[in-house]
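The values are calculated or read from the model by the stated rules, or taken from the named source; none is laboratory data. Every value quoted in this text rests on a predicted model; they were computed, and no experiment measured them. Side chains are part of the model used for accessible areas, which takes the heavy atoms of the whole protein and leaves out ligands, DNA and RNA. Shrake-Rupley method; radii C 1.70, N 1.55, O 1.52, S 1.80 Å.
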Amino acid sequence: MESYIHYEFLLLIQSVYTGAALLLCYSCLLILRRLLPHSRLGVMAEDLIYWLFAGCFLSVRLYDKNQGILRLFLAAGLLFGAFAAKKLIEPVFISLTVKILEYPLKIVKILIKRLLFWAERCKISVCEFASRWGKCPFRKNFHTHANKNAKRSWQFGRVRQKETKKENRI
């Protein structure tokens, strides 16, 4: 009888650890969302995948450790572990992880921006070169920079003419 009580006590301790581990896995999703903003559809997909994983993990763990018998103290242990991790570990875990991952992510974003700049510049050069003989292969309504500037100056000139007409009326 005593060994059975020890076994159930160990199950309770394992359920507390499991609840804390599941909450920290969800915190990793929160960190990912903070560093890389997602659309609502992306957030919903992440949540769905997480909860499917968590449900399968808990079912397998329950079947493996307790022969598939659902005990209320295991559910209470899961909730207690998640609550304790939420109050004690999660704030520190999220802030430290975000601070650690923030700088490498900034470097990667800067590198991607520079690579995209050179790719866009190359497209513009090809389009300017191709516009001499026809249309740009990359864009439908492509105008060279000279054409854009000519249109802009024409628009600004029109605005200036309107302003001078108003001044003459006074």
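Only protein atoms count toward the accessible area here, which uses a 1.4 Å probe; on the range 1-59, the carbon and sulfur part of that area reaches 77 percent. Residues in the range 37-44 carry Karplus couplings, in order, of x, 10, 7, 5, 5, x, 5, 5 Hz; the curve used is 6.51 cos²θ - 1.76 cosθ + 1.60 with θ = phi - 60°, and Gly or Pro positions show x. Protein heavy-atom accessible surface, 1.4 Å probe, per residue over the range 26-99: 71 Å².
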